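Reading through the structure tokens given below for one structure.
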Amino acid sequence: MSLPRRSFLRHAALGAAGLGLARGADAALPEFTAARPEPFWEAVRALYPLEAGFSYFNTGSLGSTPTPVLERVAEVTRRLQAKAEHGHAQFTGARADVARFLGADPAEVAFVRNATEANATVAAGLPLRAGDEVIFESHAHPGGSFPWLQAARGRGVVVRTFEPDPRSAAVNLDRITALCGPRTRVIQLSHITAPTGITLPARAVADLCRTRGIWFHLDAAQSAGMVPVDFAALGCDSLAVSGHKWIGGPLETGVLCVRRARQEELAPPLVGAYSGDLDANGRFALSAGAVRYEYGTRNVATALGLAEAMRLQERIGRERIAARGRQLAAQARAGLAALPGVEILSPEPGELAAAMVTFRTARIPHDRLFGLLLRERGIRTRPVTEENLNALRVSTHLCNSPAQVDALVAAVGEFLRREA
Ligand SMILES: Cc1ncc(COP(=O)(O)O)c(C=O)c1O
């Protein structure tokens, strides 16, 4: 039987898994050579279970999970279910892997369900009073803004927002600094913004917060797994991570990192088994470390799947992944920008750019263009309605190829000619 290369690689990976050979993050990859990188990237792409002929450009919403990660989750689930065990002890190993990947101490890592839960834990757990202020960008995803809007409704916290500039980190830092006042208690930034992929100046804001005694919470939902994210080096007090986007972890995985020295200031809004214990006198005390933000029975199979996804990225090379994503985005950006009547909303290639390109055209309503791409070409983008941008976002990651980017640009060009 002869198989096309892509499905051959996929079948090879599955077969090896069945034999217990190159399983999980150990799945065989050819050596990367800078002069001829595409065979390497094709082998990486073959690890994704996406249908042939379908171009998935929506990792910014939900990542496709590589087959070795899915297999790891299934294998752990089956093993535990054979004796109906929860396997909670295995969180220790997963926590160590996640900590290494994120540049954190294991005692700074809490497993949560998604980035929203990490953001909401910070918004609900900090001891803020009516009139205390929080700053974040006007482009914040609902998973970042709603927890604070709820704190505003319920506790009188005052929300101040700035519009992120796609051209200049200095302008963004100035806009944030201008909003800081005596009642500013928290600054939250998306490390990379969701609607248009602007990289915000996290390290500079960490320094600003340090000098002013402000809590700095970084929402890394769009950055972790797209670019290397190092909790210690970033200098934030807390970090929200989505496991199921760029990292390629299983659905409903996320991480909250909280700096050791500041954990006493952030109360867990919900507690239960594992978040604390009773001492000999029956007094309740929180657990040492970020495990205090976890409670109740959890699915260790998905936590181990997340760790597997992280190991796979480490094997592929994290800087290499970041460069690949940027390169594909730059290709998409250049192609789309060259089409008549297309406006690009994302930063130019450089310091502020990410593996995402958001574009619009006055000639075709964005929702119509979204539908045409999906129905007629099997190309999945993401409509951007935030702030009335009425645009489409293209996320470029390991499941994409330069040929897919070319096909996307060609399709937009064709629809523009046909529909306008
Ligand atoms: C910046 C940002 N924060 C939070 C979220 C919510 O992520 P999750 O689905 O993991 O809760 C998203 C999702 O797109 C996002 O882009």
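No lab work stands behind these numbers, since they all come straight from the coordinates. For clarity, every value in this text was computed on a predicted model and none was experimentally measured. Cβ atoms come from the backbone with ideal geometry, glycine included; neighbour counts cover every protein chain shown.
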Considering every residue within the range 244-251, establish whether at least one is within 16 Å of the ligand (Cβ to nearest atom), within 30 Å of residue 182 (Cβ to Cβ) and not polar (S, T, N, Q).
no
Tell me, please, whether a residue that is touching a residue at least 24 places away in the same chain (Cβ under 8 Å), within 12 Å of the ligand (Cβ to nearest atom) and touching a helix residue (DSSP H, G or I) at 6+ places or on another chain (Cβ under 9 Å) can be found in the range 162-169.
yes
Counting only residues in the range 193-207 that are more than 19 Å from residue 388 (Cα to Cα) and buried (at least 17 other Cβ atoms within 10 Å of the Cβ), the one farthest from the ligand (Cβ to nearest atom) is identified as 206
Any residue at all in the range 225-238 that is within 13 Å of the ligand (Cβ to nearest atom) and outside any loop (DSSP other than H, G, I, E, B)?
no
Tell me yes or no: at least one residue of the range 98-117 is among the basic types (Lys, Arg), in contact with a Gly (Cβ under 8 Å, 6 or more places away or on another chain) and more than 29 Å from residue 318 (Cβ to Cβ).
no
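Quick grid of which residues meet (1) among the hydroxyl-bearing types (Ser, Thr, Tyr); (2) within 16 Å of the ligand (Cβ to nearest atom); (3) more than 30 Å from residue 63 (Cα to Cα); (4) without any contact (Cβ under 8 Å) to a residue 40 or more places away in the chain:
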| site | (1), (2), (3), (4) |
| --- | --- |
| 117 | no, yes, no, no |
| 138 | yes, yes, no, no |
| 150 | no, yes, no, yes |
| 180 | no, no, yes, no |
| 190 | yes, yes, no, no |
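Among the residues of the range 137-147, are any surrounded by fewer than 20 Cβ atoms within 10 Å (Cβ to Cβ) and of a type in the set (D, E, K, R)? Before you say what the answer is, go through the steps one by one.
Start the filter on the range 137-147 by keeping residues that are surrounded by fewer than 20 Cβ atoms within 10 Å (Cβ to Cβ), which leaves 138, 142, 146.
Filter once more, keeping what is of a type in the set (D, E, K, R): none.
The answer is no; no qualifying residue exists.
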Got at least one residue in the range 361-381 being touching a helix residue (DSSP H, G or I) at 6+ places or on another chain (Cβ under 6 Å) and of a type in the set (Phe, Trp, Tyr)?
no
Restricting the range 252-291 to residues that are closer than 30 Å to residue 71 by Cα and surrounded by 21 or more Cβ atoms within 10 Å (Cβ to Cβ), the residue that is farthest from the ligand (Cβ to nearest atom):
291
Criterion first (among the aliphatic types (A, V, I, L, M) and without any contact (Cβ under 8 Å) to a residue 60 or more places away in the chain) does residue 337 satisfy it?
yes
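Out of the range 167-192, which residues are in a loop (DSSP other than H, G, I, E, B) and buried (at least 21 other Cβ atoms within 10 Å of the Cβ)?
191, the sole residue that qualifies.
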Number of positions in the range 111-136 that are crowded, with 22+ Cβ neighbours inside 10 Å and either hydroxyl-bearing (Ser, Thr, Tyr) or assigned to a strand (DSSP E or B) (or both):
6
